[in-house]
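In what follows, a structure is listed as structure tokens, so that the remarks can point back to it.
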There are 2 protein chains.
Amino acid sequence: MEWERIEEKLNRLLAEGRHGQLRGALMMLNPVDIANYMKQLDPEKLLLLFRVLPKDSSADVFSYMDADQRETLVNSIGDAEITALIDEMFLDDAVDFLEELPANAVKRVLQNTDPKTRAIINQFLKYPENSAGSLMTIEYCEFKPGMDVSDALRVIKETGVDKESVYTLYLVDDQRHLTATVPLHKVLVSDNDVPLARLVDPALIYVKTTDDQEVVADTVRKYHLMSIPVVDGEGRMVGIITADDIMDVIEEENTEDFEKMSGLAPADETYFKTPMLKLATNRLPWLMILMFTSIVSGAIIAKFENVLAVSVLLSASIPMLMDTGGNCGQQASTLMIRGMALGEVKFRDLPRVLWTEARVGLLVGAVLSAVTFVRLLLLNGASVSMAGVIAFSLFATVVIAKSIGCVLPLLASRIKLDPALAAAPLITTLVDAASLFIYFSIASQFIL
Amino acid sequence: MEWERIEEKLNRLLAEGRHGQLRGALMMLNPVDIANYMKQLDPEKLLLLFRVLPKDSSADVFSYMDADQRETLVNSIGDAEITALIDEMFLDDAVDFLEELPANAVKRVLQNTDPKTRAIINQFLKYPENSAGSLMTIEYCEFKPGMDVSDALRVIKETGVDKESVYTLYLVDDQRHLTATVPLHKVLVSDNDVPLARLVDPALIYVKTTDDQEVVADTVRKYHLMSIPVVDGEGRMVGIITADDIMDVIEEENTEDFEKMSGLAPADETYFKTPMLKLATNRLPWLMILMFTSIVSGAIIAKFENVLAVSVLLSASIPMLMDTGGNCGQQASTLMIRGMALGEVKFRDLPRVLWTEARVGLLVGAVLSAVTFVRLLLLNGASVSMAGVIAFSLFATVVIAKSIGCVLPLLASRIKLDPALAAAPLITTLVDAASLFIYFSIASQFIL
């Protein structure tokens, strides 16, 4: 592993106090890798390494560090140093960092930044969590609709654009309303006297500060954008969001869906960062609800006690029915929830989906129950009527599970509930109750 | 809905045959929206609209169209027109399109493209599916390490860079080895005589043509890149992959994980595009396997038949035990699989994870079994020993489910199996068998 060799060398330089060489070595590394390396350092070495970092990369490294490590650092460096860091960081990163700090630390830090930065940061801190406003950066260049290519290139050179902002030119009028976007590559291949107005994108695509990050991600992904402008309630340009940040949003939203579908309260932090008690309380609500709903299935079993007494094969088949039903329901609901998340499936597709799932259920159910019928006859020595009752119950369970599995998420979305949260965890329990009821009804009809 | 008004207008212009106005209207729209609009058109209107499209956007629109609509179009336009389209498309889009066509159509189309394009496309078609090679585009600019800023700007202007390639300058030596990358924004703010060598990024980050798309996505996301260079086995630069395509890869990989975790064979197509028979066969293998493994749970029930006969409460509690165990196991395994997918959890964390999950299990199990104990005493009139046996079995089930749920995915990853595929679907069945065994063992000890 090449990376391990690099770490070894850094460790040695750090231990031997060779600060000059250490600084040289750090210059060769990506800020993300430096931040990763710092995770294993004790507070003392952390501070030392941070002080040795080349000036122009310390803010970058700082933005990629863990929250708790940043707090350690903040507690050991002076206010002036923190303020310098914040001024160097991209504003969205600075805001992310400030949001993690205790309120009095934020106040202390903000007192030292210049009034303009402070005003902007305060504005940022007011945007709702996970909104476009809290996600955007204000490091972008504005251009006037009347400019030509040479004007634009001059503005870029003078303002010293940053990496976050370079790919698109945003044209704003005198009231700062966003009027059009111009892709930079068109500017670069055009002659100096070409007006920007001739290079604008056909359609103006933007989001509002109050839009949820999911809307932002969907829009960026749909139109294959590298960045998207953000406007306020009056259509005035206030920031941009870049594709690299959108990738994190997509993973976050997916993690949330995974968690909800497994009956977990979505966690703000990653696994190891979440305290044990929080891990437990995130899981309890759904477990408690589902434990109580499963009492219904138990009541059905109790009600048909006399049927169970006929043959042990009847009780021995309960796990197979419950598990297969649960699995079938989960398969269907996963496809629905995923289809809705990616924008393919909508509530109005309900008839079409139900028709598909019903046929899939008939087919899958037929295969599974045929196999089970033969298995019961040959391996378990069941009578034809017994094997028939169990196999047919399995068949009905599969069809019902597929139907419930596809209908429930669509219905949840219809009444504006999150399908991953409201539908997925319930499906197994619902299918259980339905399949046990069918099972015993059929059994008591044909066997008793 | 504004979009509906736009659609209405397009419909009218199309119906009235006002081709000039239609072309003007289409100029105002984004290619993605035009492709979406075309979905509802019959083949005749589809062809008409396509012919009316402004020349410079028809290839763009074509890349965003559905596969079946593209086939319809290809069958109704001439070879020359198809060839012109392919020459206009980005190469990665063209290859995607050709991969969907029947082999003889590909041959026909390729015969007409110029030999150089044909050679490149043939090379592309050889890369394994979902590899970096199949994902990359070759539309990027190469620069020589000895160039300065004015050279670079001249090269950009002369080669007429395309949107896919503008953000980073790739420096390649005479053997076409990738030696360094230079961010465009540094070029734009520097004076003309600054050598590119002074503007290079500290670390060179790239992927190989044979790397899996998951590796590409992880690297791009980790380093917050807008594009990543792709090199061949000898380190020669052959293409780039941009962030907008990575977003699709991330969603694809997530969809695959969702499907695997629900015991579905990953589908190549979206839900509505997958034929019913394929939907059914994607689901059958795991359903069949899990149906057979659940027979073990059935056998455990059969073995302890005499215990069940003691009280109906014992059989009525089976669904609660099975469901709660399954849910607990799923919660733990989801957190593991997600943690591994995002790179936070690794096999070496097993002791730490097990220690956390065991404590979470003890806590959650204590709460759930206390509630159940009281419920059984007060609502079901159970004896203290009966309520104790059921509550304690629930407690043990929760702890075991949490442990199996975290260990199994980590073990799967250790032996190089995909945890989402190999571990998740099995967990419920395993937990079922374990919990039923504990349940009956305890019950036969204390109640019989």
Kindly give the distances from A:D96 to its copy-mates, label point to label point, with each label point 7 Å from Cα along Cα→Cβ, as nm values to one decimal ordered shortest first. 2.7
log₁₀ I(q)/I(0) of segment B:142-242 at q = 0.25 Å⁻¹, via Debye over equal Cα point scatterers, no solvent, to two decimals? -1.45
Over the whole of A:432-441, what's the average partner chain Cβ count within 10 Å per residue? Rounded to a whole number, please. 1
Electrostatic dipole magnitude of chain A [Cβ: Lys, Arg +1; Asp, Glu -1; Cα centre; debye, to 20]: 1740 debye
If you line up the long axis of helix A:79-88 against the longest principal axis of chain A, both from Cα atoms, how many degrees apart are they, to the nearest 10? 80 degrees
Principal axes first, then extents: for the Cα atoms of segment A:271-446, list largest minus smallest coordinate on each axis, whole Å, largest first. 53, 41, 28
In degrees between 0 and 90, to the nearest 10, how far off the longest principal axis of chain B does helix B:55-64 point, with axes built from Cα atoms? 20 degrees
Equivalent ellipsoid dimensions for segment B:57-155 as semi-axes, Å, which come from the Cα gyration tensor, largest first: 29, 15, 13
Taking Rh as the Kirkwood radius, which is the inverse of the mean 1/r over Cα pairs, what is the Rg/Rh value for the protein assembly as shown? 1.01
Using a/c under 1.5 as the rounded threshold, could you call segment A:2-134 rounded, prolate or oblate? The axes a ≥ b ≥ c are square roots of the C-alpha gyration tensor eigenvalues, and prolate needs a/b larger than b/c, oblate otherwise. prolate
In terms of Cα to Cα distance under 13 Å, which aspartates and glutamates are near enough to B:K273, apart from those fewer than 8 places away along the same chain? A:E344, B:D66, B:D68
Can you give the local net charge around A:D191? Use residues other than it whose beta-carbon is closer than 12 angstrom to its beta-carbon, Lys and Arg +1, Asp and Glu -1. +1
Give me the distance between the Cα centres of segment B:219-270 and segment B:1-65, rounded to whole Å. 31 Å
Name the lysines eligible as straight-distance cross-link partners of A:K9: C-alpha to C-alpha under 19 Å, and not fewer than 8 places from it in the same chain. A:K39, A:K45
Every other copy gets compared here: list the nm distances from the B:A366 label point (7 Å along Cα to Cβ) to its counterparts, shortest first, one decimal. 5.5
Name the most mobile residue of B:P145, B:P266, B:P115, meaning the one with the largest mean-square fluctuation, in a Gaussian network model of chain B with Cα contacts below 10 Å. B:P115
Label-point separation, B:R18 to B:E81 (7 Å along Cα→Cβ), nm: 2.4 nm
Running a GNM on chain A with Cα contacts under 10 Å, which residue among A:N380, A:N282, A:N36 ends up with the highest mean-square fluctuation? A:N380
Whole Å is fine, so just give me how far the alpha carbon centre of segment A:359-431 lies from that of segment A:275-289. 29 Å
Dimensions (Å) - chain B, Cα atoms, principal axes, largest first: 89, 60, 42
Which whole-number percent gives the relative contact order of chain B, counting Cα pairs below 8 Å spaced six or more residues apart? 11 percent
Got the A:N130 label distances to the other copies yet, label 7 Å along Cα→Cβ, in nm, shortest first? 2.8
Rank by packing, highest mean first: peptides B:428-438, A:188-198, B:186-196, B:357-367, with packing defined as the count of other Cβ atoms within 10 Å averaged across residues. B:428-438, B:357-367, B:186-196, A:188-198
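Trypsin sites (Lys or Arg not before Pro) within segment A:1-104: which are DSSP loop residues with at most 16 other Cβ atoms inside 10 Å?
Working: sites: A:R5, A:K9, A:R12, A:R18, A:R23, A:K39, A:K45, A:R51, A:K55, A:R70; in loops: A:R18, A:K39.
Of the trypsin sites (Lys or Arg not before Pro), the ones in loops of segment A:1-104 whose Cβ has at most 16 other Cβ atoms within 10 Å are A:R18, A:K39.
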Along segment B:214-229, Karplus-curve 3J(HN,Hα) (6.51, -1.76, 1.60; θ = phi - 60°) to the nearest Hz, with x for Gly and Pro, reads 5, 4, 4, 4, 4, 5, 4, 5, 4, 9, 6, 8, 9, 7, 9, x
Candidates A:L169, A:L378, A:L46: whichever shows maximal mean-square fluctuation once chain A is modelled as a Gaussian network with Cα springs under 10 Å: A:L378
Checking the table A:K157/A:K208; A:K278/B:K278; B:K186/B:K208; A:K402/B:K346 against a 31 Å threshold on Cα-Cα, which pairs fail? A:K278/B:K278; A:K402/B:K346
Which of the GluC sites (Glu not before Pro) found in segment B:1-104 are loop residues per DSSP with 16 or fewer other Cβ atoms within 10 Å of their Cβ? B:E16
As a check on your grasp of the helix formula, calculate [θ] at 222 nm for the protein assembly as shown: sum -39500 (n - 2.57) over DSSP H runs of n ≥ 4, divide by the residue count, round to the nearest 500. -21000 deg cm²/dmol
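Averaged over A:276-286, how many beta carbons belonging to a partner chain fall within 10 Å of each residue's beta carbon? Mind showing how you got there, number by number?
Numbers: counts 6, 3, 1, 10, 11, 4, 3, 11, 5, 0, 2.
Average neighbour count from other chains, rounded to a whole number: 5.
Any read-out appearing in this document is the output of simple, stated calculations on the displayed coordinates, not a laboratory observation. Note that the structure is predicted; figures quoted are calculated from it, not measured. Note that each Cβ is placed from the backbone with ideal geometry, even for glycine, and that neighbours are counted across all protein chains shown.
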